[in-house]
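The values are calculated or read from the model by the stated rules, or taken from the named source; none is laboratory data. Since we're looking at a predicted model, the values are computed, not measured. Because the Cβ atoms are built from the backbone with ideal geometry, glycine has one as well, and the counts that use them run over all protein chains shown. Areas reflect the complete protein model, heavy atoms only, side chains present, ligands, DNA and RNA absent. Shrake-Rupley method; radii C 1.70, N 1.55, O 1.52, S 1.80 Å.
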Amino acid sequence: MAAWAKYRALPTRIRPSVGLGKIAVGFAADQGRTTKGTNLLSVVVILKGLAEFAGLLLIGQGLVYALSFGKHEGNAVYKMFRLITSPVVRVTRIITPNKVANQHVPFVALMLLFWIWLFLSYTKFSMMLEQAA
């Protein structure tokens, strides 16, 4: 059986879309279906990735702090982590009460990012289930 005959035997809903001079993207049944939900899902996925990245940077900063044995202010890697995580820590400092000590603000930022990540994971999961239905 020729390759073309095998292609023609596939139902149109699972047949890959092929255009002249274009790369096959998606399936024939999905052409032209960009919905508001997929754009919102993309935003949620990007925000979730940013929350993961910022959280991992805070964890890395904490590990360097623990492994530098009190000389973390002179450590170049710690300074880099502090520079990159400073926007998250600054925002957390603004929203936390003054009773929270400055040394605990990065930990509070990490916990805040964890809850944001959890919320975005749940939102992504529910949006994916809604699109699948």
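Rank by packing, highest mean first: peptides 52-65, 90-103, with packing defined as the count of other Cβ atoms within 10 Å averaged across residues.
Working: 52-65: 16.9, 90-103: 10.6.
Highest mean packing first, the order is 52-65, 90-103.
Considering only protein heavy atoms, what per residue accessible area in square angstrom results for the range 59-133 with a 1.4 angstrom probe?
On the way: 5660 Å² over 75 residues.
That works out to 76 Å² per residue.
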